[in-house]
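See below for the structure under consideration.
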Amino acid sequence: MKNPAGSFGWADLTVENADKVRDFYSAAIGYSFSEINMGDYADFCMNSPDDGQTKVGICFAKGVNQQIPPVWMLYFYVNDLDKSITEVLANGGKVILGPKAMGEARYAIIQDPAGAHCGLYQE
């Protein structure tokens, strides 16, 4: 099922010390975690203490994530990533990373004219 364009997808936090930050949020919120194999390291899905469902991700700032700033990055679904990127650039924004492939999907990290970052994701 395709997610509606404009809807919020998820949030990731990308940092140098993801394992320490994972432990911080596990203690502060009660998250459990599961690992996502990234080759020579693992990123983390943070899972709700109530229903066990993944709510956010915590990622190491390396590999495909090395250029992502250390903020809670929101990802929004778009119908046409290339068109969205054209509009970002035409309206005073910047492309920070991408577009990149994630399986059959594609994404980009952008910065709006106010300096805020978010991800755009096309399924």
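Read the figures in this text as sums done on the coordinates, not as results from a lab. None of these values were measured; they are calculated from a predicted model. Virtual Cβ from ideal backbone geometry, glycine too; neighbours counted across all protein chains shown.
Sequence-ordered 3J(HN,Hα) estimates for the stretch 33-42 from the Karplus curve with 6.51, -1.76 and 1.60 and θ = phi - 60° stand at 9, 10, 8, 10, 5, 10, x, 9, 7, 10 Hz, glycine and proline given as x. Annotation for Lys20 and Asp80: the two label points, set 7 Å from Cα along the Cα-Cβ direction, are 4.6 nm apart. Among the chymotrypsin sites (Phe, Trp or Tyr not before Pro) found in the stretch 35-123, those both in a DSSP coil and sparsely packed, with 16 or fewer other Cβ atoms within 10 Å of their Cβ, are Tyr41. For Lys83, the lysines whose Cα comes closer than 25 Å to its Cα, not counting residues fewer than 8 places off in the same chain, are Lys2, Lys94, Lys100. Computed extension gain for Phe8 through Val71, at 0.36 nm per residue and net of the alpha carbon distance, reaches 21.1 nm.
Normalised by 2.2 N^0.38 Å, where N counts its residues, the alpha-carbon radius of gyration of the chain equals 1.09.
Among Asn17, Asn79, Asn37, determine the one that fluctuates most according to a GNM of the chain built with springs between C-alpha atoms less than 10 Å apart. Top of the fluctuation ranking is Asn37. Put a plus charge on the Cβ of each Lys and Arg, a minus charge on the Cβ of each Asp and Glu, and nothing anywhere else: the dipole of the stretch 46-123 about its Cα centre is then about 320 debye. Relative contact order of the chain: 25 percent, from C-alpha pairs under 8 Å at least 6 residues apart in sequence.
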